[in-house]
Each structure stands twice: as C-alpha cells, then as structure tokens.
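What follows is one structure encoded as structure tokens, with my remarks underneath.
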Amino acid sequence: MKESAIIVRKELKYNTLKPIFISLSVFFIIFILFGFSNLSQDNTLNVMEIFLPLIGIILITPVFEQEQDYGIEQTIRTRRTNFTVTLVARVIVRILVYVLITLVFAIFLKNNGSYMDYKTIIPQSMGIGFLYGSLGVFFFGLTFNLIVGYLVPILYFMANSFLGYEKLKEIFLFRLKYGLELKYEYYFIVGVVLVILGVLVRIRKSR
C-alpha cells in the first residue's frame, strides 16, 4: 500500500503535470471558439462532447512514455514494486485526473450561466475522452510508438467530425449533439478492455 502511494505521488509530481499543461491548449481553443460563460445548449454540447474529450488523449495516452528510455525501463523493472502495479497505478491516476478535470470544468460552466445537464453530458463527455485515451494506450502499448498512440484516437475524432453518423453509424460518438441514443456505457467497457490489453502487451514485450 505504501509503495502504491509512492508511485501515485511520483506520477502526479513528475509525469502528469506535463500533459495537464498541454491540455491547456484545449481550453484555449474552447475559449476562442465559445468562451466560458452563458453558453447555449448547442454550444455546451460542442464543448463537452467534441472538444473537452480531447484532453483524454493528452492525459491518458502517454502512460508508457517513461519506458521509451531503455535505462529508465530497466530501472523501473528492477524495483521492488511490481512493474504491473506501477503501470496500473499510472493508468488509474491519469484517468482520475481526467475525470476530475471534466467534473470541475462542467461545474465551472454551470456556475457561469451555461446550459448543463449533469446526468447526460458528464458521462457522455467522460466516456468519449476515456475511449480516446484507451485507444491511445492500446496502440502505444502495441507499437511502443507514442506518435501512433496519439494518431489513432485523433483520426477517430476526425472521422466523427467529418464523416458523421451517416457513415459511422453505431461507432459515431457525438450522439448527444444530434439527439441520438447514448451509448457511453459501451465507451467505458471498450475503454477498460483496451487499457487492460495495452498494459498486458507492454508488460509482455521485451526490449
């Protein structure tokens, strides 16, 4: 338990701050396009369903970034703490940080006069961001290439943005904006499976 707490503390202090700062670029885009106050229902859905989930890619995807340095990976693997525990703790920390950011931002919008339906918008936004991040984790673990890890969820985002429901059907994500049946439960299920597979592949891969 003590070792897990040390991993969490180090992850927050040394590894998570960088993607959090990079995530500020998403907030900058949101501010430029929509502002942060008195958003209509349509604009709130654009922000929460389309743009804010991009932070999931930035935060969750680079969970194996330290191991790209061979020396660091060997050091981590030789520590007393199990390598699997280290990776799992990292993933959980990053997911929780993403969830916290989404919650805080939703409350911030609500308190600044914007439309907000917590029961539908928050799980939908979190589900999409988690799915993006889990795709990144899986393909990063599979290829051990961070660029590929970022590229796959970005391509999925672009496909949803430009192809729409007519082309993507059941795998279309921006369902709340278009009044379609929500499927965020599946996003979480698929996301968990992809994260587990990504971590398992990374653990088994020898360097």
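The values are calculated or read from the model by the stated rules, or taken from the named source; none is laboratory data. Quick caveat: nothing in here was measured; it's all calculated off a predicted structure. Here the Cβ positions follow ideal geometry from the backbone for every residue, glycine too, while neighbour counts run over all protein chains shown. Each accessible area value is taken on the protein alone, full model and side chains, heavy atoms only, with ligands, DNA and RNA left out. Shrake-Rupley method; radii C 1.70, N 1.55, O 1.52, S 1.80 Å.
Annotations
- In this simple spin-label approximation, N15 and K167 carry label points 7 Å from Cα along the Cα→Cβ vector, and these lie 3.6 nm apart.
- If you model region 155-207 as an ellipsoid using its alpha carbon gyration tensor, with each semi-axis the square root of five times an eigenvalue, the axes come out at 29, 14, 7 Å, biggest first.
- Across region 93-139 the C-alpha pair distances fall into 5 Å bins from zero in the proportions 5, 21, 27, 22, 13, 7, 3, 1 percent.
- Extending 7 Å from the Cα toward the beta-carbon at both K183 and F28 defines two label points whose distance is 3.5 nm.
- Furthest towards positive pole of dipole, T44, L200, N111, structure part the chain, Cβ charges: L200
- Acute angle (nearest 10 degrees) that the helix 17-34 long axis makes with the longest principal axis of the chain, alpha-carbon atoms: 10
- Nearest-20 debye value, the chain charge dipole, Cβ charges on Lys, Arg, Asp, Glu: 740
- Apportionment of accessible area to carbon and sulfur, the chain, percent (1.4 Å): 67
- Averaged over its residues, the chain has an accessible area of 52 Å² per residue, based on protein heavy atoms and a 1.4 Å probe.
- The convex hull of the Cα atoms of region 15-55, projected and averaged over all directions, covers 2.8 nm².
- Square roots of 5 times each gyration tensor eigenvalue, C-alpha, region 83-194, largest first, Å: 25, 20, 12
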